[in-house]
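To start, the structure itself, in structure tokens.
What follows draws every value from the coordinates through simple rules; no lab data is involved. All values derive from a computational prediction rather than experimental measurement. A quick note on method: Cβ atoms are made from the backbone with ideal geometry, for glycine too, and the neighbour counts reach across all protein chains shown.
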Amino acid sequence: MSEIGEVKLNVEVKVNVTEDTNKVRVAVQKIFGNLNLQEVKSKDESSLAGSAEGLEALDAFHDLLRKERILDAARRMFFSGVKGKTITFFLNKQAAYVGHISFSQPVGESPLGPIRVDIQCNNPKGLIDWLSPKTRQ
């Protein structure tokens, strides 16, 4: 996978006052494996943020995309989120908690707010081809 180059995964998710921080942590880890998440508090809100480097940081997500059989939908979402060398997309927090990938809009679609995912790499198209290859010609 050397044609993809360096990969950096950043994940951030707001923790609402009605939510259990550990359950939100579990939701993210069910999608991205054992990603180390730090609690970030400001005066009136809390969030979890984590980052990891290397393609292996995406292994659990890569496998789950295949298990869920959503490669084509994922591919469309990834390409629509490319800006420069960053791929940005959002995941539904409740679906993640039960181990499923469900793409979401940045605001309004998920009542508890989405999980924001940013993946930086030198070759976004190459990374997308690895994560979600075309399934039809």
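Brief remarks on what is shown
- Zero-based 5 Å bins, Cα pair distances in segment 68-124, whole percents: 4, 21, 25, 25, 17, 7, 1
- Lys, Arg +1 and Asp, Glu -1 on Cβ, resulting dipole of segment 14-137 about Cα centre, debye, nearest 20: 380
- Loop-exposed trypsin sites (Lys or Arg not before Pro) per DSSP, neighbour cap 14 Cβ within 10 angstrom, longest uninterrupted part of the chain: 70-133
- Kirkwood hydrodynamic radius (C-alpha pairs) into Stokes-Einstein, segment 7-131, 10 °C and 1.306 mPa s, D in µm²/s: 109
- Structure-based [θ]222 nm, the chain - -39500 (n - 2.57) summed over DSSP H runs of at least 4, per residue, nearest 500: -9500 deg cm²/dmol
- 15 Å Cα-Cα reach of Lys125 towards aspartates and glutamates, excluding residues that sit fewer than 8 places from it in its own chain: Glu3, Glu6, Asp72
- Exposed-loop-free span, longest in the chain, where GluC sites (Glu not before Pro) count as exposed if DSSP calls them loop and at most 15 other C-beta atoms lie within 10 Å: 46-108
- Segment 117-137-segment 1-30 distance, computed between alpha-carbon centres (Å): 18
- The chain: most fluctuating residue of Val117, Val82, Val40 per GNM, C-alpha cutoff 10 Å: Val40
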